[in-house]
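Before any comments, here is the structure.
The values are calculated or read from the model by the stated rules, or taken from the named source; none is laboratory data. For clarity, every value in this text was computed on a predicted model and none was experimentally measured. Here Cβ is always computed from backbone atoms with ideal geometry, including for glycine, and neighbour counts include all displayed protein chains.
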């Protein structure tokens, strides 16, 4: 099977279920941005990182493929079985955050993203996650989106924030607090 089909040469693509839509449609933008997020998660997984975080990030990438499948399905026409996103997936993110936060100092102010290239990439990934969430929320205002998709993306951005903090701590990077001018 060849990777190219030439079916999208005129700016249209197929949803799971067979419906052809413009590549400019919000649903396509939403699941395309999930793909971008998944690639960023893969990027941060490629850094020298502890095995626990690597395994968590691999699981997150799997869930992002699940989310992409859900968003790529025509909610009215697809009869194809796609993987499920479960409440336990959201709970697992929360458990991982709780474990990391137990090792971190209490957050008393906003922190500036960065301090190390690896930490900076994690924060960029978090921002891509937030953009993905905004697109999916907008899609949900116009068309069906499985409710757990939005919940998972919201929790994932929180996870990425905490991951950035714990990686900074592991690297010995002092968090730079934001001190607003008044």
Pick out the one residue from 111, 119 that is farther than 22 Å from residue 34 by Cβ and buried (at least 20 other Cβ atoms within 10 Å of the Cβ). 119
Please verify whether the stretch 74-87 includes one or more residues that are more than 22 Å from residue 46 (Cβ to Cβ), in contact with a helix residue (DSSP H, G or I) (Cβ under 6 Å, 6 or more places away or on another chain), touching a residue at least 40 places away in the same chain (Cβ under 8 Å) and outside any loop (DSSP other than H, G, I, E, B). no
Scanning the stretch 1-60 for residues that are outside any helix (DSSP H, G or I) and under 30 Å from residue 118 (Cα atoms), the one modelled with the highest pLDDT turns out to be 46
Could you tell me how many of the residues in the stretch 129-168 are more than 24 Å from residue 28 (Cβ to Cβ) and out of contact with any helix residue (DSSP H, G or I) (no Cβ under 9 Å at 6 or more places or on another chain)? 0
Residue count for the stretch 94-108, restricted to those that are within 20 Å of residue 56 (Cα to Cα) and surrounded by fewer than 18 Cβ atoms within 10 Å (Cβ to Cβ): 8
Residue 145, sole failed condition from (1) part of a loop (DSSP other than H, G, I, E, B); (2) touching a residue at least 24 places away in the same chain (Cβ under 8 Å); (3) over 19 Å from the mean Cα position of the chain (by Cα): (3)
For residue 91, are the conditions met, namely being assigned to a helix (DSSP H, G or I), surrounded by fewer than 18 Cβ atoms within 10 Å (Cβ to Cβ) and at pLDDT 95 or above? yes
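Yes/no per residue for (1) within 18 Å of the chain's Cα centre (by Cα); (2) at pLDDT 90 or above; (3) part of a loop (DSSP other than H, G, I, E, B):
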{"residue": "107", "(1), (2), (3)": "no, no, yes"}
{"residue": "127", "(1), (2), (3)": "yes, yes, no"}
{"residue": "130", "(1), (2), (3)": "yes, yes, no"}
{"residue": "136", "(1), (2), (3)": "yes, yes, no"}
{"residue": "153", "(1), (2), (3)": "yes, yes, no"}
{"residue": "157", "(1), (2), (3)": "yes, yes, no"}
{"residue": "172", "(1), (2), (3)": "no, yes, yes"}
